[in-house]
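The structure under discussion appears below in the form of structure tokens.
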Amino acid sequence: MTGYAVATSESAAGTLTIEIKSVNSRFLDLQFRINDDLRALEPDLRSAIMGAITRGKVELRLSFGRKAATTGTQALNLPLLTEIQRLQGEVAGLFPGVQTMSVAELLRWPGVIEEAQIGQESLQADVASLAGRTIEAFVTSRQREGAALETMLISRIEAMEAIVKRITPLIPQVVAAFQQKAVERMQDALGLACQGSNSALSRQDALERIRQEVILYGIRIDVAEELGRLSAHLTETRHILKKGGQVGKRLDFMMQELNREANTLGAKASVKELADASMELKLLIEQMREQVQNLE
């Protein structure tokens, strides 16, 4: 499902901003846009998102805007300066007369000046707190879309239930019509047998034809079972939606089962009404299937 949330946190050190957005996807695909100095926080953010959602192409942006340095907010990295001094001494021993770094060059050395009030643990805690709020808002936005999708899916279920209810009374009529045709064909077959010169062979042919007609009759008119399974699948689909939770994969399976019964109904359709009903069912199932792939 699609979703969006953004949150900002202010501190003495600067401004943290987390933005999360997602688009539909059958699987969970995470992408992170994080400043290099905050890259170490990605695993924690990844775990937090994976604990909240299971589907969607998700993009998270984390940025940290430091405030302008003021008196007392910066400090020298003394351990680093000591190490640089030791290394300079070793270099001077190998190359006598080499020029040492000036104060300006030392101050420009990466990591020599550090933010005295910004510790990694403190920053990690701030990001975790902000991420929790952002993910909560993000999940809420997806839930709102999920509620809208549920309403749409329920309406499709009701439409399919109406189709099944409409065509179920037709089955006895279809059976009666096929029974009449079978009887007429049997009579024709027996009449041909009686007219044959070889009565034994003609009777055998007639019996074989009758057997074939009865088999065809049984196969073609047996759609009551498909309608029963369709009703059961629709009831289960409605139950899954009402129960809530992570329903996407279960609904995927139900769409396959519904489509199987609708296809079988169409293959066995012996009258136009049943063929039309099969097409209507498959159209509604396809509409549901496209949306089901977006649900958790």
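Throw me the Rg/Rh for the range 75-114, computed over C-alpha atoms with Kirkwood Rh, two decimals.
1.01
Take the cross-link list 242/282; 249/272; 165/249; 243/272; 57/242 and give me the ones stretching past 30 Å between alpha-carbons.
Beyond 30 Å: 249/272; 243/272.
Give me the percent of the accessible area of the range 10-66 that comes from carbon and sulfur atoms, probe 1.4 Å, all protein chains in place.
48
Could you rank 29, 188 by how accessible they are, 1.4 Å probe, largest area first?
The ranking, largest first, comes out as 188, 29.
Rounded to whole Å, give me the distance from the Cα center of the range 244-281 to that of the range 24-38.
Going from one Cα centre to the other spans 37 Å.
When the accessible area of the range 75-114 is split by element with a 1.4 Å probe, what percent falls to carbon and sulfur?
Ligands and nucleic acids excluded, carbon and sulfur reach 66 percent.
Could you calculate the contour length gain from residue 252 to residue 181, that is, 0.36 nm times the residue separation minus the distance between their Cα atoms, to one decimal place in nm? The partial results should precede the final answer.
Working: separation 71, 0.36 × 71 = 25.56 nm, distance 4.10 nm.
Working it through step by step, the gained length comes to 21.5 nm.
When the solvent-accessible surface of protein heavy atoms is calculated with a 1.4 angstrom probe, in what order do 239, 233 fall, highest first? Intermediate results must be reported in sequence, preceding the final value.
Details: 239 105, 233 35 Å².
Output order, biggest surface exposure first: 239, 233.
Taking the Cβ of residue 232 as the centre, find all other residues whose Cβ is under 12 Å away and add up their charges (Lys, Arg: +1; Asp, Glu: -1). All intermediate terms of the calculation are to be shown ahead of the outcome.
Numbers: positive: 229, 238; negative: 161, 225, 226, 236, 257, 261.
Within the 12 Å Cβ shell, the charges total -4.
Would you mind calculating the gained length between residue 77 and residue 35 on full extension (0.36 nm times residue separation, minus the Cα-Cα distance), in nm to one decimal?
Extra length from residue 77 to residue 35 when fully extended: 12.9 nm.
The values are calculated or read from the model by the stated rules, or taken from the named source; none is laboratory data. This one's a predicted model, so the numbers in the text were calculated from it and none came from an experiment. Every residue, glycine as well, gets a Cβ built from its backbone with ideal geometry; the counts of neighbours run over all protein chains shown. Only protein heavy atoms, including side chains, enter the accessible area calculation; ligands, DNA and RNA are left aside. Shrake-Rupley method; radii C 1.70, N 1.55, O 1.52, S 1.80 Å.
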